[in-house]
Amino acid sequence: MELLMIFISAILVNNFVLYYFLGICPFLGVSKKIDSAVSMGLAVTFVMTITAVVSWMINHWILIPNKLEYLQIVTFILVIASLVQLVEMFIRKISPPLYQALGIYLPLITTNCAIMGLALIAALKEYNFATTVIFGIGSGVGFTLAIVLMAGIREQLDVSDVPRPLKGAGIALIVAGIMALAFQGFSGMIK
Amino acid sequence: MSLLIPILTMGILGLLFSVGLAVAYQKLKVDVDPKIEKVSEALPQANCGACGFSGCAAFAEAVVAGKAEASGCPVGGEETAQAVADILGQAAGSVVKKMARIHCRGTKEAALARGEYEGIPSCTAANLIGGNKQCSYGCMGFGDCVNACLFDAIVISENGLPVVSEEKCTACGKCVDACPRGIISLQPLAENMMVFCRSLDIGKTARKVCKTACIACGICARACPDGIVMENNLAVIKDKSKIEHEQIPAIEKCPTNAIGRIHRKPDVDAPPQESQESA
């Protein structure tokens, strides 16, 4: 039950994009088309889940026993950078079309602060292994949900009558703000 | 000792990850066709997109995949086409070298000004309020084409019109898109005649605002009906072969010089062209 709560809360209540305001760069950069938003969301989910697992193992088996918690940030950067490289090679080998579709945004996951945030928050809240995994998947799904919703809205915006000064990034930021407000409505759901 | 543990930990972790990545790289290596790299090297690497692909690398991939012609790079011209074709082991295909030509002769003296324009010095901006010349088809001379050119091939000359350097122009077409009035077009380098006007005004209006406008008198079209036709008050060269061989006087009858021969000027720093003609 607790796992389910963490899963739902990571998706809706503590959504990385709309609650913590992490990972805004791909959220705005890749949300022009639903297709690419979905692929980006999946790639981020994948990296988030593996990062959560590997960083938990390193944190609990290496850093904490040696009292090296202050090395968390550096180690997690190392983990994320290597994992993204690995994922990139893997996708390139397995599915060239997906590799083409993700393009530059795949290596850019390295600098997606939502992933770093995930590893640090999981360490901060002292989640156990199962919880961390669920938290990672939930956060990824939450990111995917936010970016796909955003892409859907922006596809509609393309054909709507937006005031000229607000076209493009301006209206996108306003939409992001309103979405964040709307997601605050979930905050009473889980105590 | 307290310093050694973190250093060792980080060092070992880093080493593990790098070894892991190195192994993964070998296992998951994707065989890229070596031709793609070679073709890529032969290209000019201007990444201008004139070929219709997103850059030189994308073009190289398309050429090797057979989706593009070896001669598809307009910037590299014949040399590049030959080099690419050699790598692929096929015939180069013919490249017609083109360059940008300006369809306006309305110099400051020839075309009447509409008033003093003091807004943003850009053709696009000036065009929004109708431009700085009475002719609404003529070159405004603020140099949007100059800014668009990646190869420094265009300069605005003293008479207020852009001049394209035959040597530097690669016919990438950036200026064609940049011109808000569509005055620039890509023409084969060997082309020796064209219409130097884009005005669709009726003759009376056109004559009033510019000395070198096409006034739609139709003299050229009557002199050579097979080669030149009048369309929307503007002479259009339909079949230059007809004019070229028999009816050269047709284009020389133009009272305003709006249609005529292209006088190829050598670049200042380039060797003189043998096709140069006296003006």
Looking only at the range A:88-130, and only at residues there that are open to solvent by 10 Å² or more (accessible area, probe 1.4 Å) and among the β-branched types (Val, Ile, Thr), the one that is modelled with the lowest pLDDT
A:104
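How many residues, within the range B:135-161, are touching a strand residue (DSSP E or B) at 6+ places or on another chain (Cβ under 7 Å), open to solvent by 50 Å² or more (accessible area, probe 1.4 Å) and in contact (Cβ under 8 Å) with a residue 12 or more places away in the chain? Walk me through how you get there before you give the answer.
Initially, the range B:135-161 is screened for residues touching a strand residue (DSSP E or B) at 6+ places or on another chain (Cβ under 7 Å), giving B:135, B:138-141, B:143, B:145-146, B:153-157, B:161.
Keeping just the survivors that are open to solvent by 50 Å² or more (accessible area, probe 1.4 Å) gives B:155-156.
Next, only the ones that are in contact (Cβ under 8 Å) with a residue 12 or more places away in the chain stay: B:156.
The number of residues fulfilling the criteria is 1.
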Mind checking whether some residue in the range B:87-99 is at pLDDT 85 or above and open to solvent by 30 Å² or more (accessible area, probe 1.4 Å)?
no
Search the range A:27-59 for residues being open to solvent by 20 Å² or more (accessible area, probe 1.4 Å) and within 14 Å of chain B (Cβ to nearest Cβ), and hand back the single one that is farthest from the chain's Cα centre (by Cα).
A:57
Check residue B:107 against each of (1) open to solvent by 40 Å² or more (accessible area, probe 1.4 Å); (2) at pLDDT 85 or above and name the one condition it does not meet.
(1)
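Please state which one of B:195, B:164, B:236, B:229 is surrounded by fewer than 18 Cβ atoms within 10 Å (Cβ to Cβ) and either in the same structural domain as residue B:127 (by TED's automatic domain parsing) or touching a residue at least 24 places away in the same chain (Cβ under 8 Å) (or both).
Working: B:195 fails: surrounded by fewer than 18 Cβ atoms within 10 Å (Cβ to Cβ); B:164 fails: surrounded by fewer than 18 Cβ atoms within 10 Å (Cβ to Cβ); B:229 fails: either in the same structural domain as residue B:127 (by TED's automatic domain parsing) or touching a residue at least 24 places away in the same chain (Cβ under 8 Å) (or both).
Checking each option against the conditions leaves just B:236.
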Can residue A:188 be described as modelled with pLDDT of 90 or more and over 16 Å from residue A:25 (Cα atoms)?
no
Going residue by residue through the range B:34-46, is there one that turns out to be loosely packed, with under 12 Cβ neighbours inside 10 Å and either of a type in the set (S, T, N, Q) or under 30 Å from residue A:85 (Cβ atoms) (or both)?
yes
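To keep it simple, each residue is scored yes or no on (1) of a type outside the set (A, V, I, L, M, F, W, C); (2) away from chain A (no Cβ under 14 Å); (3) without any contact (Cβ under 8 Å) to a residue 24 or more places away in the chain.
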site: B:9; (1), (2), (3): yes, no, yes
site: B:45; (1), (2), (3): yes, yes, yes
site: B:50; (1), (2), (3): no, yes, no
site: B:63; (1), (2), (3): no, yes, no
site: B:77; (1), (2), (3): yes, yes, no
site: B:81; (1), (2), (3): no, yes, yes
Just a yes or no: is a residue in the range B:151-158 modelled with pLDDT of 90 or more and under 19 Å from residue B:114 (Cβ atoms)?
yes
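I need the full set of residues from the range A:60-72 which are modelled with pLDDT under 90 and more than 10 Å from chain B (Cβ to nearest Cβ), in order please.
The initial filter retains those residues of the range A:60-72 that are modelled with pLDDT under 90, namely A:62-72.
Once the filter is applied, which keeps residues that are modelled with pLDDT under 90 and more than 10 Å from chain B (Cβ to nearest Cβ), the range A:60-72 yields A:64, A:65, A:69, A:72.
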Determine, yes or no, whether residue B:158 is under 25 Å from the mean Cα position of the chain (by Cα) and in the same structural domain as residue B:128 (by TED's automatic domain parsing).
yes
Residue B:112 vs. criteria open to solvent by 40 Å² or more (accessible area, probe 1.4 Å), in contact with a Ser or Thr (Cβ under 9 Å, 6 or more places away or on another chain) and modelled with pLDDT under 90
no
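Go through the range B:14-33 and give me each residue that's aliphatic (A, V, I, L, M) and either open to solvent by 60 Å² or more (accessible area, probe 1.4 Å) or within 10 Å of chain A (Cβ to nearest Cβ) (or both). Walk me through how you get there before you give the answer.
Kept after step one, since they are aliphatic (A, V, I, L, M), are these residues of the range B:14-33: B:15-16, B:19, B:21-24, B:28, B:30, B:32.
Hits for the range B:14-33 are B:15, B:16, B:19, B:21, B:23, B:24, B:28, B:30, B:32.
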Could you grab me the full set of residues in the range A:73-87 that are of a type outside the set (S, T, N, Q), facing chain B (nearest Cβ under 8 Å) and open to solvent by less than 20 Å² (accessible area, probe 1.4 Å)?
A:79
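The values are calculated or read from the model by the stated rules, or taken from the named source; none is laboratory data. Computed from a predicted structure; not experimentally measured. Glycine also receives a Cβ, built like all others from the backbone with ideal geometry; neighbour counts cover every protein chain displayed. The accessibility values were calculated without ligands, DNA or RNA, using every heavy atom of the protein model including side chains. Shrake-Rupley method; radii C 1.70, N 1.55, O 1.52, S 1.80 Å.
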